[in-house]
Amino acid sequence: MESILTDRPLLRQQIDRVAEVAGYLWQKGWAERNGGNITINITEFVDDTMQALPAITEPCPIGKTLPHLEGCWFYCKGTGRRMRDLARDPMANGAVIRILPGCTNYEIVADAPIAPTSELPSHLAVHDYLLAQGSPYRASLHTHPIELVALSHSRKWLEKDAATRMLWSMIPETKAFCPRGLGIVPYLLPSSVELAEATLRTLDEDYDVVLWEKHGVFAVDTDILNAFDQVDVLNKAAQIYLAARGMGFEPDGMTDAQLRELSDAFGLPK
Ligand code: 2HA
Ligand code: ZN
């Protein structure tokens with residue numbers, strides 16, 4: 001079958017990055033069954049011939065009106081699809097969609113009529129928010145990183161910025177590469193409007209990564225590799241904490257003075 005990626009190397013590169021990340025999610029054990037979602041805003045890679053392509057489905061309701069998505073295009077993981085399958089064949093396990101004028105409906109354009117992720121309304125609401133803010137972020141990722149989810153089972157780590165401070169103090173890279181820390185969203189039903197709204201509110205407190213209690217994380221960044229890297233760095237810090245606990249002691253963590261020194265050296269927010 002002809003693919004929309006044929007002769008569109010820049011678009012293909014974006015989709016290849018999604019496939020690369022999907023493979024990492026599976027290898028890390030963060031993507032059991034159909035766990036997790038990825039959407040990326042590909043509008044800047046859409047050329048005139050692509051604009052002219054007919055849809056392969058009827059218009060489908062997004063479930064809300066998202067005014068900043070006028071004219072936008074996305075690649076979305078398919079609902080019920082596995083990350084490990086997407087890693088091998090992204091266009092057989094996800095689809096390219098276009099937002100229709102009015103911003104309440106979308107249609108699938110390519111390659112196959114694969115319905116987007118069940119979390120589409122929340123992913124698109126996040127993209128709408130990012131565009132409204134003038135943000136350069138074009139990727140959103142939801143996944144189930146084991147150690148971060150384990151931490152979220154304790155009240156102690158659900159206090160605002162308690163997990164952030166502990167994770168930053170485990171290894172200097174964490175604050176350097178995840179300088180906004182980890183926002184917290186208390187448990188809410190998966191795929192619910194309430195979860196989408198709480199995620200947006202928490203991102204708006206200036207986090208790039210938020211932890212959904214007893215479920216997973218939601219991360220945004222310029223592209224999907226950077227979104228993955230932020231989650232990977234945070235989860236690595238959680239693994240170090242848990243490794244120390246497994247050896248029978250509470251890790252000391254870097255001191256406040258060491259963290260301040262790091263922030264000065266890397267020009268990070270305090
Ligand atoms: O799409 O992880 O939370 C599968 C999920 C939903
Ligand atoms: Zn999930």
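The values are calculated or read from the model by the stated rules, or taken from the named source; none is laboratory data. Keep in mind the model is a prediction, meaning the values are calculated, not measured. Ideal geometry is used to build each Cβ from the backbone, glycine not excepted, and the neighbour counts take in all protein chains shown. Accessible surface areas use protein heavy atoms only, side chains included; no ligands, DNA or RNA. Shrake-Rupley method; radii C 1.70, N 1.55, O 1.52, S 1.80 Å.
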For this session: Show which lysines lie in cross-link reach of K236 when reach means a straight Cα distance below 21 angstrom and same-chain residues fewer than eight apart are skipped.
Result: K28, K156, K160, K175, K214
Exercise. Which of rounded, prolate, oblate describes the range 120-270, given a ≥ b ≥ c as roots of the alpha-carbon gyration tensor eigenvalues and a/c under 1.5 marking rounded, otherwise prolate only if a/b is larger than b/c?
Worked result: oblate
Exercise. Based on the alpha-carbon gyration tensor of the range 136-218 and its eigenvalue square roots a ≥ b ≥ c, which shape applies: rounded if a/c is under 1.5, prolate if not and a/b is larger than b/c, or oblate?
Worked result: oblate
For this session: Compare P136, P172, P67 in a GNM of the chain, Cα atoms joined below 10 Å, and give the one with the largest fluctuation.
Result: P136
Problem set entry | Residues A150 and C60, FRET efficiency given R0 of 51 Å [Cβ-Cβ distance, rounded to 0.05] | 0.90
Problem set entry | Accessible surface, the chain, averaged per residue in Å² (probe 1.4 Å) | 45 Å²
Problem set entry | Quotient of C-alpha Rg and 2.2 N^0.38 Å, computed over the chain | 1.03
Exercise. Using 7 Å Cα-to-Cβ label points, what is the K160/E44 separation (nm, one decimal)?
Worked result: 3.3 nm
For this session: Specify the angular offset, from 0 to 90 degrees and rounded to the nearest 10, of the alpha carbon long axis of helix 224-246 from the longest principal axis of the alpha carbons in the chain.
Result: 30 degrees
Exercise. Relative to the present Cα-Cα distance, how much length would full extension add between L225 and E70 at 0.36 nm per residue of separation?
Worked result: 53.3 nm
Exercise. From the backbone phi of the range 126-138, what are the Karplus-calculated ³J(HN,Hα) couplings (6.51 cos²θ - 1.76 cosθ + 1.60, θ = phi - 60°) in whole Hz, Gly and Pro given as x?
Worked result: 5, 4, 4, 4, 4, 5, 4, 7, x, 6, x, 6, 10
Problem set entry | Longest to shortest principal axis, alpha-carbon extents of the range 1-123, angstrom | 39, 33, 23
Problem set entry | Percentage relative contact order, the range 22-120, counting C-alpha pairs under 8 Å, at least six apart | 34 percent
Problem set entry | Helix 193-204 axis, angle to the chain major axis (alpha carbon atoms, nearest 10°) | 60 degrees
Problem set entry | Alpha carbon centroid spacing (whole Å) that separates the range 1-53 from the range 146-178 | 30 Å
Exercise. What accessible area, in Å² to the nearest ten, does a 1.4 Å probe give for E213?
Worked result: 10 Å²
Problem set entry | Among E250, E70, E197, residue whose mean-square fluctuation peaks in a GNM of the chain (springs only between Cα atoms under 10 Å) | E250
For this session: Could you check what % of the DSSP bridge pairs in the range 125-270 are antiparallel, to the nearest 5?
Result: 70 percent
Exercise. In what order, largest first, do M254, M1 sit by accessible area if the probe radius is 1.4 Å?
Worked result: M1, M254
Exercise. Which order, highest average first, do 45-52, 173-180, 125-132 follow once you tally other Cβ atoms within 10 Å for each residue and take the mean per peptide?
Worked result: 125-132, 173-180, 45-52
For this session: Name the residue farthest towards the positive end of the dipole of the range 88-207 from the options S154, N93, A115, assuming +1 on Cβ of Lys and Arg, -1 on Cβ of Asp and Glu, about the Cα centre.
Result: S154
Problem set entry | Per residue convex hull volume, Cα atoms of the range 56-157, in Å³ | 131 Å³
Exercise. Which ³J(HN,Hα) values in Hz, rounded to whole numbers, follow from the phi angles of the range 113-121 under the Karplus curve 6.51 cos²θ - 1.76 cosθ + 1.60, where θ = phi - 60° and Gly and Pro get x?
Worked result: x, 9, 4, x, 2, 4, 8, 3, x
For this session: Using +1 at the Cβ of each Lys and Arg and -1 at the Cβ of each Asp and Glu in the chain, identify which of F74, A163, P179 lies farthest towards the dipole's positive end.
Result: A163
Problem set entry | the chain, relative contact order in percent, only Cα pairs under 8 angstrom and at least six apart counted | 19 percent
Seminar exercise, completed: Note: Q27 to A243 extended length (0.36 nm per residue) minus current alpha-carbon separation gives 75.8 nm
Problem set entry | Lys, Arg +1 and Asp, Glu -1 on Cβ, resulting dipole of the chain about Cα centre, debye, nearest 20 | 700 debye
Seminar exercise, completed: Longest principal axis of the chain (C-alpha) makes with the long axis of helix 9-27 (C-alpha) an angle, in degrees to the nearest 10, of 50 degrees
